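Worksheet for the structure shown next.
The values are calculated or read from the model by the stated rules, or taken from the named source; none is laboratory data. Since we're looking at a predicted model, the values are computed, not measured. No Cβ is skipped: glycine too gets one built from the backbone with ideal geometry, and neighbour counts run over all protein chains shown. These accessible areas exclude ligands, DNA and RNA; they are computed on the full protein's heavy atoms, side chains included. Shrake-Rupley method; radii C 1.70, N 1.55, O 1.52, S 1.80 Å.
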Amino acid sequence: MACQLIESGEEYVDRSFQEIVAGFLDSKKNILVLQAPTGAGKTRAFSRLYSDVYRSFIVMPNNVLIDQNFREFSASMTGVERITASSVRENAVKWNLGREYTITKMVSNSTLVFTNPTLLLFILTNFYRPPRSRSDHISHLVIEGLRCIVLDEFHVYSRDQKYRLLALISLLRRKIKFLISSATLEEEVVSVLRGLVGDDEIEIVNVEKAGSDFIRGPIGYDLHPEGALDTIKQHLDDIREGKWFLILDSIRDCIQARDMMVERGISPGDICLLNRMDLSRWSDREAALGNCFSKRIVIASNIVEQGHNPPRDFMNFIISRGYYGHNLRQRAGRVGRGIRERSRLIIAMGDQAIIDRAMGKIADGMNVVERLSQEIGEEGTSLKPEIVGIYAGVLLQFFTRDARDTLVEESVSASDSRFGTGVRRSLAAVAKINEMRKKAEVEECEELSCFCSWFSDYMDTFRYFIGDREEINFMMGDSRDGASEQYRYDALWLMQNADYLKTEHGIVVTGLKDKPDRGFDVRITGLPYTDVSTREVSMTFQEIYGKERREMLDSLERAFRFLNACGGLPTQAKDLVKAIVNVTGYPERLSYRVQLGS
């Protein structure tokens, strides 16, 4: 067993940053960026936004975190609310109101409001307003006292999601304050915000691991060059005793690790899998977490990076390094929180060269994770102000004309010129397509009408924070006694990873494939089209996987050729539409449906 052992001491921070959060509502800054280690007290600092005058949204990436923090905050203060799809639905029935007025009433009766990014995007883009309303939902909320939006755990969002959130920040920062919070915020987020708005409007708070406020005890690091499953195999004898918490890269890895342990004699009743698929078996997610954390061994996916912290009685950890440096920092940051005793952290690096390079830069055990993360690196491309502007121009379509004009004037004049360039390109593209739509109606050109409908649908996807993926019900055994349980999860995951049978009782998963398979057929909507019959196209998932933007651009060129039947699309319109698709053509723009075999 080739491994590198390193010891680190206790970690402390200075929690005086919470005073900066407390004063943010009355500060002259429009944006506050807070980066603090896991366990430093970021979430608790949000309670300092409590005000008799103002309301604040606290946006968390999932409803489990929302429910946990709602209960914790409600236990010590009044005026705490949570806005989720279910709470809005329940109150709409109780008050006999539409969803827009229900949300407004919930906000007006509260001070701190927990919600998720899906609901936030719906609210900010007038999703619940009647189509021809003359005022904006956000305007009503500002009148009710909405002053600040907190975007917690910002690191978990995809690049497309970050662009949309940054675009909304750029547009609305003169109306509402924004607080971005994370333990592992990428430098490029801070850099692009500084470039967009300048230092006069933004305050950056980096909380260092120094001070007198304790956050975690000593850690013994064990660095392995092998991958996760091989590392686990080497430590199976250790895992037979004590409580263990594993954080792996995928659901597939979690299942394989569980099966390996069971095959080597570890009781399946000692093991719990923690991931979005296994949580789907529970109607009460809080109860699901409680059940899982009561087990001796928890095998979790990267869902932990969204804020699911291990209980303090777990002191033995095995983690996969993740794809990027921030994955490792997030996972390692969950270890030893709030306990004085030594924790053991085994890291499956999967690459001896990374360990060798990092070891030359590790001064002591206190900077192990930082150095390893630097060697792993981050995603290659950087966020760009002009692309933020293009996203902003798209999102402006969902505001009323008066609001749109005001936001453009305020945001463009006070932002980086590249942002303004992006905004104007999007607005010009939308104006051209609207012009072409009128032409299609007059000339009764079906090809042009279809193309304009596609572009409208493409724009609409920006309101949906999570892309449209098909979920499916299936049964799967859990390796205990052959019994099967009901799951509801991503159909694409099922097709790639599982062998299954279609029975009279539904789909039954019989095991995992030897390796992920992408050779199955998918039906896709969202690609450019000029004929109703081609609105949905079929291809193998392998043909589209990782090539979504290229396929959209190729479909766009084909559509341009077919539009010649109506005289063609003006060159300027083509260039503007291509410019938008070229930088926003992420998988979130497409909808996938699978065809289950027999």
Check: in a helix (DSSP H, G or I), within 20 Å of Gly195 (Cβ to Cβ), among the hydrophobic types (A, V, I, L, M, F, W, C) and under 24 Å from the mean Cα position of the chain (by Cα): does that describe Val388?
Finding: yes
Notebook entry, point to check: Considering only residues of the range 61-84 that are of a type in the set (A, V, I, L, M) and touching a strand residue (DSSP E or B) at 6+ places or on another chain (Cβ under 6 Å), which is modelled with the lowest pLDDT?
Noted result: Ile66
Next item on the list: Give the residues of the range 404-429 that are polar (S, T, N, Q) and in contact with a helix residue (DSSP H, G or I) (Cβ under 7 Å, 6 or more places away or on another chain), sorted by residue number.
Entry: Ser411, Ser415, Thr421, Ser426
Next item on the list: Mind listing whichever residues of the range 169-186 are over 15 Å from Glu201 (Cα atoms) and crowded, with 21+ Cβ neighbours inside 10 Å?
Entry: Ser181, Ser182, Ala183, Thr184
Next item on the list: Restricting attention to the range 7-54, report how many residues are more than 26 Å from Gly195 (Cα to Cα), among the hydrophobic types (A, V, I, L, M, F, W, C), open to solvent by less than 20 Å² (accessible area, probe 1.4 Å) and not in a helix (DSSP H, G or I).
Entry: 2
Item checked: Some residue of the range 140-147 being open to solvent by less than 30 Å² (accessible area, probe 1.4 Å), touching a residue at least 60 places away in the same chain (Cβ under 8 Å), closer than 21 Å to Ala392 by Cβ and touching a Lys or Arg at 6+ places or on another chain (Cβ under 6 Å) -> yes
Check: Assuming Ala75 fulfils every condition listed in (1) within 23 Å of Glu19 (Cα to Cα); (2) open to solvent by less than 20 Å² (accessible area, probe 1.4 Å); (3) out of contact with any Cys (no Cβ under 8 Å at 6 or more places or on another chain) apart from one, which condition is it?
Finding: (2)
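If you take just the helices (runs of 4 or more DSSP H) that sit entirely in the range 133-197, which of them hold at least 2 residues that are under 24 Å from Arg549 (Cβ atoms) and of a type in the set (Lys, Arg)?
Working: elements: 137-143, 159-172, 187-197.
Per the criteria, 159-172.
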Notebook entry, point to check: Out of the range 549-573, which residues are over 20 Å from Thr534 (Cα atoms) and surrounded by fewer than 19 Cβ atoms within 10 Å (Cβ to Cβ)?
Noted result: Gly567, Pro570, Thr571, Gln572
Check: Taking the range 526-548, which residues are more than 30 Å from Gln256 (Cα to Cα), touching a residue at least 12 places away in the same chain (Cβ under 8 Å) and open to solvent by 30 Å² or more (accessible area, probe 1.4 Å)?
Finding: Asp531, Val532, Arg535, Glu536, Val537, Ser538
Check: Is there any pair linking a residue in the range 216-240 that is touching a residue at least 12 places away in the same chain (Cβ under 8 Å) and at negative phi to one that is open to solvent by 10 Å² or more (accessible area, probe 1.4 Å) and among the β-branched types (Val, Ile, Thr), with Cβ under 6 Å and at least six apart or on different chains, and which?
Finding: Gly217/Ile339; Tyr221/Ile6
Notebook entry, point to check: Looking at the range 418-435, which of its residues are under 17 Å from Leu407 (Cβ atoms) and open to solvent by 10 Å² or more (accessible area, probe 1.4 Å)?
Noted result: Thr421, Arg424, Arg425, Leu427, Ala428, Val430, Ala431
Notebook entry, point to check: Does Gln256 satisfy the criteria of being open to solvent by 50 Å² or more (accessible area, probe 1.4 Å), in contact (Cβ under 8 Å) with a residue 40 or more places away in the chain, touching a helix residue (DSSP H, G or I) at 6+ places or on another chain (Cβ under 8 Å) and of a type outside the set (A, V, I, L, M)?
Noted result: yes
Next item on the list: Only residues in the range 168-189 that are closer than 24 Å to Thr421 by Cβ count as the first member; pair them with residues that are outside any helix (DSSP H, G or I) and at pLDDT below 95, Cβ under 7 angstrom, at least 6 apart or cross-chain, and list the lot.
Entry: Ser170/Ser415; Arg173/Glu201; Glu186/Glu378; Glu188/Ser382; Glu188/Leu383; Val189/Leu383
Notebook entry, point to check: Under the condition of being part of a loop (DSSP other than H, G, I, E, B) and acidic (Asp, Glu), which residue from the range 213-267 is farthest from the chain's Cα centre (by Cα)?
Noted result: Glu241
Next item on the list: Out of the residues in the range 450-477 that are under 20 Å from Arg281 (Cβ atoms) and touching a Leu at 6+ places or on another chain (Cβ under 8 Å), state the one that is most open to solvent (accessible area, probe 1.4 Å).
Entry: Arg469
Checklist line | Exclusive hit being open to solvent by 10 Å² or more (accessible area, probe 1.4 Å) and on the phi > 0 side of the Ramachandran plot, set Gly360, Gly338 | finding: Gly338
Item checked: Only listed residue being closer than 19 Å to Arg252 by Cβ and open to solvent by less than 10 Å² (accessible area, probe 1.4 Å), chosen from Ile297, Ile303 -> Ile297
Margin query: Please count how many residues of the range 148-167 are free of Cβ contacts under 8 Å to residues at least 60 places away in the same chain and farther than 25 Å from Val369 by Cβ.
Written below: 1
Margin query: Here's a check for you: in the range 479-498, which residue that is open to solvent by less than 70 Å² (accessible area, probe 1.4 Å) and in contact with a Gly (Cβ under 7 Å, 6 or more places away or on another chain) is modelled with the highest pLDDT?
Written below: Ser484
